[in-house]
């Protein structure tokens with residue numbers, strides 16, 4: 001158990017302020033749509049690796065969904081694909097321009113989630129993967145409607161449990177909310 005130390009010279013900690021939005025969130029398990037980033041950066045098939053790399057740097061992001069002409073999700077283009085594409089272009093003298101289409105994350109590595117999924121579904125995808133996943137594309141009928149990152153989930157957990165002083169109790173609280181929602185779904 002973590003104990004907090006209070007020095008004589010240190011001012012007492014102010015109690016955490018819980019907003020009405022946080023209180024509402026504490027009453028239900030948030031869905032992915034509640035915490036995702038809407039309208040994320042996406043790339044179209046045919047975007048050059050150079051242009052995609054520039055956008056990743058400008059927006060300070062590590063990956064972005066790639067969509068076809070109809071807006072359907074086709075894969076993720078990441079910094080890894082960017083590096084491989086740039087190396088191919090420079091060292092292997094791949095004809096220019098080179099496109100994101102050829103440097104997408106392999107299908108078996110790409111995880112997605114739907115907007116109506118409880119956040120615990122996203123958590124299980126992040127935590128259950130054998131490789132580090134930083135963000136998940138959020139899909140509705142095959143189209144990208146958002147992106148959810150690990151930091152979104154961590155921030156949400158802190159907001160949901162701001163009034164719960166014990167970390168173990170906070171985890172049990174979130175787990176209980178999820179089970180309650182599952183039971184409600186069974187009754188419908």
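The values are calculated or read from the model by the stated rules, or taken from the named source; none is laboratory data. Just so you know, these numbers come straight off a predicted model, no measurement behind them. Cβ coordinates were reconstructed from backbone atoms using ideal geometry, including for glycine residues, and neighbour counts include every protein chain displayed.
What the table shows:
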{"quantity": "Single match in 122, 53, 64 (criterion: farther than 23 Å from residue 34 by Cβ and either touching a strand residue (DSSP E or B) at 6+ places or on another chain (Cβ under 9 Å) or in contact (Cβ under 8 Å) with a residue 24 or more places away in the chain (or both))", "calculated": "53"}
{"quantity": "Residue that is surrounded by the fewest Cβ atoms within 10 Å (Cβ to Cβ) [pool: residues in segment 47-67 that are part of a loop (DSSP other than H, G, I, E, B) and at pLDDT below 95]", "calculated": "60"}
{"quantity": "Given (1) in contact with a helix residue (DSSP H, G or I) (Cβ under 8 Å, 6 or more places away or on another chain); (2) in a helix (DSSP H, G or I), index of the condition residue 136 fails", "calculated": "(2)"}
{"quantity": "Qualifying residue in segment 32-43 (condition: over 25 Å from residue 140 (Cα atoms) and either modelled with pLDDT of 95 or more or surrounded by fewer than 18 Cβ atoms within 10 Å (Cβ to Cβ) (or both))", "calculated": "no"}
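Residue-wise test of (1) out of contact with any helix residue (DSSP H, G or I) (no Cβ under 7 Å at 6 or more places or on another chain); (2) part of a loop (DSSP other than H, G, I, E, B); (3) at pLDDT 90 or above.
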position	(1), (2), (3)
116	no, yes, yes
126	no, no, no
148	no, no, yes
164	no, yes, no
175	yes, no, no
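Condition check ((1) surrounded by 16 or more Cβ atoms within 10 Å (Cβ to Cβ); (2) at pLDDT below 85; (3) under 15 Å from residue 44 (Cα atoms)) across all residues:
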| position | (1), (2), (3) |
| --- | --- |
| 78 | yes, no, yes |
| 90 | no, yes, no |
| 95 | no, yes, no |
| 99 | yes, no, yes |
| 103 | yes, no, yes |
| 109 | no, yes, no |
| 113 | yes, no, no |
| 122 | yes, no, no |
